[in-house]
1. Contact list please: Cβ distance under 6 Å, first residue in the range B:445-470 and more than 14 Å from chain A (Cβ to nearest Cβ), second residue surrounded by fewer than 14 Cβ atoms within 10 Å (Cβ to Cβ), pairs at least six apart or on different chains.
2. Report, by residue number, each residue of the range A:100-119 that is of a type in the set (Asp, Glu) and surrounded by 15 or more Cβ atoms within 10 Å (Cβ to Cβ).
3. Of the residues B:Ser90, B:Ser55, B:Ser28, which single one is loosely packed, with under 11 Cβ neighbours inside 10 Å, at pLDDT 90 or above and more than 23 Å from B:Arg476 (Cα to Cα)?
4. Among what's in the range B:422-444 and is of a type outside the set (S, T, N, Q) and either part of a loop (DSSP other than H, G, I, E, B) or within 14 Å of another protein chain (Cβ to nearest Cβ) (or both), pick the residue that is surrounded by the fewest Cβ atoms within 10 Å (Cβ to Cβ).
5. Which condition number in (1) touching a helix residue (DSSP H, G or I) at 6+ places or on another chain (Cβ under 8 Å); (2) over 18 Å from B:Leu114 (Cα atoms) is the one that B:Asn298 fails?
6. Restricting to the range B:459-481, name every residue that is within 26 Å of the chain's Cα centre (by Cα) and either small (Gly, Ala, Ser) or on the phi > 0 side of the Ramachandran plot (or both).
7. Just name the residue that is farthest from the other protein chains (Cβ to nearest Cβ) out of those in the range B:373-385 that are over 17 Å from the mean Cα position of the chain (by Cα) and more than 17 Å from A:Gln29 (Cβ to Cβ).
8. Quickly run through the range B:266-289 and pick out the residues that are part of a helix (DSSP H, G or I), out of contact with any Cys (no Cβ under 9 Å at 6 or more places or on another chain) and touching a residue at least 40 places away in the same chain (Cβ under 8 Å).
Amino acid sequence: MAKYTKTHEWVTVEGELAIVGITKYAVSQLGEVVFVELPEEGQEVEKGESICNVESTKSASEVFAPVSGIVRSVNEELEDSPELVSEDPENKGWLFKIEMNRQEEVEDLLEEKAYNEITGD
Amino acid sequence: MTIFDKSVEGKIAFSLPEEKSYGFDPESTLSEKYIKKSSTDLPECSELDIVRHYSNLAKINYSVDHGFYPLGSCTMKYNPKINENVASLSGFANLHPLMEEDDIQGALELMFDLQNYLSKITGMDEITLQPAAGAHGELTGMLIVKKYFQSKNEKRKKVLIPDSAHGTNPASAIMAGFDVVELKSDENGILPFETVKNALDKDVAAIMMTNPNTLGLFEKDIVKIARIAHENGTLLYYDGANLNAIMGKIRPGDMGFDIIHLNLHKTFSTPHGMGGPGSGPVGVKKELREFLPVPIVNRNDEKFYFDYDLKNSIGKMRSYYGNFGVLIRAYAYILSMGNDGLKKASELAVLNANYIKCNLREIIPPAFEGVCKHEYVGYPGNLPKEYNVKTLNIAKRMLDYGIHPPTIYFPLIVHEALMIEPTETESKETLDNFIEITKKIVQEAKTDPQIVIDSPHNTYVRKLDEAKASRKPKVRWNKSS
């Protein structure tokens with residue numbers, strides 16, 4: 001089950017790894033995504049820190065790390081096909097995977113229902 | 001279709017005289033790498049082909065000479081034709097930047113006077129006319145900030161910028177080597193004194209502000225902010241994009257700004273946005289004069305001259321002396337308007353924006369309450385949610401009715417923003433027409449949303465694939481394509 005942040009990232013956990021992307025709602029607000037600036041593999045990130053950018057025809061938006069840890073992989077397909085974020089944000093359009101320092105941080109994230117209340121869906 | 005697509009081998013528009021060598025033989029004069037071996041693939045067309053091609057392009061163009069152009073934050077005012085007449089006088093038009101000072105005294109006098117007029121309008125002590133556009137002016141300003149602290153042997157890394165700022169502000173600060181700290185506007189759309197106070201420390205080199213800000217609202221805490229910034233040794237930078245709201249009313253220099261840039265192509269009626277080069281003069285208080293780019297135009301008892309004697313100058317920001325042709329137009333505008341005219345222009349710009357606001361507020365509610373200045377920022381109520389009609393669709397539908405849409409999705413802090421800046425040059429009839437069209441579109445959005453969503457229908461090209469254009473831009477023609 002995916003969890004969510006107030007800043008419109010989704011997270012699913014696979015063992016030590018947290019897979020992160022931006023939500024369908026975020027995409028609906030951004031308009032068509034035209035470029036994704038991915039973080040570096042091996043980069044250390046703190047929860048809440050801005051670590052990459054998503055550019056759309058409307059604007060450029062920051063993506064914040066939902067958990068702390070080390071970036072272990074990034075979705076390189078997005079370099080050539082940023083449209084994956086628009087077309088399939090919560091699956092093929094994933095952004096990066098973080099190896100978590102503090103797994104308990106996941107507990108603080110929002111459940112789907114709570115997130116939907118924020119977005120008014 | 002581009003002119004290249006109309007090319008037919010062997011067609012010519014002009015017969016050149018028979019080729020003579022003039023004693024120049026490229027093969028023996030130039031080194032191998034400078035000699036082009038492939039064809040240049042220039043288009044081959046007759047004179048009539050060329051005339052028709054460009055006349056037809058001009059026909060599908062849209063500009064402020066064609067109709068209403070309420071692009072927010074851009075001040076797309078009418079450019080009076082007298083500006084063009086003056087700029088095309090042969091004494092100006094036929095100058096060369098390498099001419100001797102003694103032979104261009106008239107041009108130098110014009111630049112000297114323009115520096116002074118802009119100083120007076122903005123309350124600054126010295127102006128450079130060199131920067132080529134607004135963002136270039138911002139970079140000039142930020143480099144001055146950097147050099148200023150270097151000269152005092154102070155290391156300051158941070159620049160504070162409100163979240164309503166133009167995107168060029170953080171970009172310019174970062175380009176000059178600073179770190180940007182974003183400050184949040186409050187629930188009234190302005191930057192509160194307390195927020196600035198809490199963010200200030202000895203590492204803050206400058207604060208960049210726009211006043212009125214991009215929400216069209218006056219930053220009423222500005223004098224307090226300037227005071228506390230100066231107490232902290234921090235410089236205050238003014239983005240002049242919105243000067244059109246305040247000419248003759250209040251001056252950035254009197255608000256406490258240390259450095260400003262202006263956009264002659266916005267406020268001072270010179271051609272704008274692909275209609276010609278821009279111009280972004282930068283003004284400073286006298287303490288910062290020594291950091292300006294060289295040369296500035298000065299005068300002594302005998303004549304006007306280029307003054308290179310600024311001991312801490314950041315250097316040159318542009319070849320020669322700025323976009324001189326644009327400076328002539330701004331000069332003509334200022335003189336033809338006069339003090340009272342400029343003041344009246346700002347008053348009418350503000351009145352026109354508020355007229356639109358009052359007439360549209362039921363359907364395009366304001367993002368923030370209160371009297372706005374020269375532009376009105378609103379959003380299309382419940383249309384996106386209930387009818388799936390977004391601001392983008394409303395903007396595209398306006399094209400069908402023959403008007404240029406306002407700025408959309410800016411400022412970023414307003415959801416589904418529409419930013420309408422009518423300028424002072426539009427009549428009540430034009431504003432009423434815009435209001436009627438907007439009302440009609442909002443009505444359509446409720447009764448027949450699809451027609452709005454699928455728009456534009458009547459334009460030369462239908463809805464463009466903006467995403468594809470950004471993802472895979474094609475900026476160069478090549479023969480195979």
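1. Listed pairs, sorted by first residue: B:Tyr460/B:Ile60.
2. Quick first cut of the range A:100-119, residues of a type in the set (Asp, Glu) only: A:104-105, A:107-108, A:111-112, A:117.
Matches in the range A:100-119: A:Glu105 only.
3. Working: B:Ser55 fails: more than 23 Å from B:Arg476 (Cα to Cα); B:Ser28 fails: at pLDDT 90 or above.
Just a single option satisfies the conditions, and that option is B:Ser90.
4. First, the residues of the range B:422-444 that are of a type outside the set (S, T, N, Q): B:422, B:424, B:426, B:428-429, B:431-432, B:434-437, B:439-442, B:444.
Narrowing the set further to residues that are either part of a loop (DSSP other than H, G, I, E, B) or within 14 Å of another protein chain (Cβ to nearest Cβ) (or both) leaves B:422, B:424, B:426.
Details: B:Pro422: 28, B:Glu424: 19, B:Glu426: 23.
Going through the qualifying residues, I end up with B:Glu424.
5. Against the list (1) touching a helix residue (DSSP H, G or I) at 6+ places or on another chain (Cβ under 8 Å); (2) over 18 Å from B:Leu114 (Cα atoms), B:Asn298 comes up short only on (2).
6. B:Ala467, B:Ala469, B:Ser470, listed by residue number.
7. Going residue by residue through the range B:373-385, those that are over 17 Å from the mean Cα position of the chain (by Cα) are B:373, B:376-385.
Filter once more, so that each one left must be more than 17 Å from A:Gln29 (Cβ to Cβ): B:373, B:376-378.
Numbers: B:Lys373: 24, B:Tyr376: 20, B:Val377: 15, B:Gly378: 17 Å.
Only one residue tops the list, namely B:Lys373.
8. So in the range B:266-289, the residues part of a helix (DSSP H, G or I) come out as B:266-267, B:286-289.
Add one more test, that the residue is out of contact with any Cys (no Cβ under 9 Å at 6 or more places or on another chain), and what stays is B:267, B:286-289.
Matches in the range B:266-289: B:Thr267, B:Lys286, B:Leu288, B:Arg289.
The values are calculated or read from the model by the stated rules, or taken from the named source; none is laboratory data. Not measured: the values here are computed from a predicted model. Note: ideal-geometry Cβ built from the backbone for every residue, glycine included; neighbour counts use all protein chains shown.
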